Amino acid sequence: MLRLAVIFGLALTLPAAAAPSARDLKDQVATVMARTHAQGVAIAIIQDGRIRSVAAYGVRNARGEPLMPDTVMYGASLTK
């Protein structure tokens, strides 16, 4: 049985020196994905109102197709 999880991140305001390195971020994402059994996660880093980085990890569906930064993800009625 394939279990899917949706993870919503919180917007945090951190000084640049406090921002994790790319490797640390990848490790943190892997840890959260393992703990929550998430199959895929997409992350955008926004600084000063500009997109600085976009990354996708894992798979997008049961066929194992990779999740890409431009993959459309539906929120269903989670925003109510």
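Looking at this structure, is residue 55 within 20 Å of residue 72 (Cα to Cα) and modelled with pLDDT of 90 or more? So residue 55 passes the test. In the stretch 32-50, is there at least one residue being in a strand (DSSP E or B), more than 14 Å from the chain's Cα centre (by Cα) and modelled with pLDDT of 85 or more? Looking through the stretch 32-50, at least one residue is in a strand (DSSP E or B), more than 14 Å from the chain's Cα centre (by Cα) and modelled with pLDDT of 85 or more. It is to be established whether one or more residues within the stretch 36-49 are at positive phi, out of contact with any Leu (no Cβ under 9 Å at 6 or more places or on another chain) and open to solvent by 100 Å² or more (accessible area, probe 1.4 Å). The answer is yes; a qualifying residue exists.
The values are calculated or read from the model by the stated rules, or taken from the named source; none is laboratory data. Source: prediction; values computed, not measured. No Cβ is skipped: glycine too gets one built from the backbone with ideal geometry, and neighbour counts run over all protein chains shown. These area figures cover heavy atoms from the full protein model, side chains too; ligands, DNA and RNA do not enter into them. Shrake-Rupley method; radii C 1.70, N 1.55, O 1.52, S 1.80 Å.
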